[in-house]
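The values are calculated or read from the model by the stated rules, or taken from the named source; none is laboratory data. If you're wondering where the values come from, they're calculated on a predicted model, not measured in any experiment. Neighbour counts run over all protein chains shown; Cβ positions are idealised from the backbone, glycine included.
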Amino acid sequence: MTGSQPRLAGKVAIVTGAGTGIGRGIALAFAREGAAVVVANRNEENGLETVRQIKAKGGRAHFQRTDVAHEQDCVAAVRAASETYGALHVLVNNAGIFPRATLEETTEELWDRIFATNLKGPFLLCKHAVPAIRQAGGGSIINIGSTNQYTGLPHLFAYSCAKGGLLTMTRNLARAMAPDRIRVNVINPGWVISEGEVVVQALEGRGQAALAELGRQQPLGRHQLPEDAAMAALFLASDESSQVTGTELNCDAGRSMAGQGAGAPARSA
C-alpha cells in the first residue's frame, strides 16, 4: 500500500488457477490491495476457499469455475468480471499443469493436454479479455512463466516447450497491445514450495527435511513461496509499472543465473 491508498483500488482482476499455490497467493494479495478478484479455477472447492479467505478479510471476490483449455469457460470468466464488477483491468494467466515426462515418455495426448492448459488457455483468455481491458482504458496482462522456458529439464519436456511459447506470446502481445495502453509481462518464479509441490516432491522421494536442505542451497538461501510471486504480480498489476511492458521478471532467488538444480521444476502452481 502506498500511503493510505490501496495499490489496486478500483481495479478488477481475473486470476486463473487461483484455488491453490501461486494463484491463491496472487488473488489474496490483489484483494488485500483493493482489487475485486474473479477467482477463475477448475476445482470449485479450492476456488471457493480462496473466495472465503478474501471475504473473511473484507475483500471482494467472485468464484467462476474455469477450465482454461475450453474457450467457453474463458469467455464466461471475462463476462463474470464485467457483469459482477463492471470492468476488467488485470488478467493473470497462472493456471498450469506440470506432469513429468521425458521426450520419449511424452505421448501425443500428454503433449496436447499440457499445451491446452499452459499455452492455449492464456491465448484464449487474452483473446477475450483484451477488448474488456481496452474498454477500461488499458491495464495489465501478467503471464506466469518459468525459467524452464530457457533451458528446460529432461523430465519437463512438454511443459518447458509450452512455457517457451508463452514467453513468445508475451513479447508479441506487448508490442501489439501497447497502443491500447495494455501492458503484457511475464513472471518467472523459481522453485515454489506450494501445497501441490510438496505432494509431488514426496512422490519423488523428497521429504520435508530434504526440501529444506535443497532450499538452503538456492542462491538466496531458501525456496520461493507463493507470496513471493504475488508481490511481483502486484507490482505489474499496479500503476507503479505503468512504463513496464514486454518484460521478463525472474522472481526465482537467482536460480536462473545459477542453473537448474535438484531435478526440480522452476515453477509450481
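Side notes on the structure shown:
- Once the stretch 160-213 is narrowed to residues that are aliphatic (A, V, I, L, M), part of a helix (DSSP H, G or I) and at pLDDT below 80, the residue that is nearest to A237 (Cα to Cα) is V198.
- The conditions of being surrounded by fewer than 24 Cβ atoms within 10 Å (Cβ to Cβ) and of a type in the set (A, V, I, L, M) are not met by L8.
- Looking only at the stretch 90-109, and only at residues there that are surrounded by fewer than 16 Cβ atoms within 10 Å (Cβ to Cβ) and not acidic (D, E), the one that is farthest from S146 (Cα to Cα): T107
- Residue ID - modelled with the lowest pLDDT, chosen from residues in the stretch 245-260 that are part of a loop (DSSP other than H, G, I, E, B) and in contact with a helix residue (DSSP H, G or I) (Cβ under 7 Å, 6 or more places away or on another chain): D252
- Those residues of the stretch 165-199 which are surrounded by fewer than 19 Cβ atoms within 10 Å (Cβ to Cβ) and of a type in the set (D, E, K, R), in sequence order: R171, R175, D180, R181, E195
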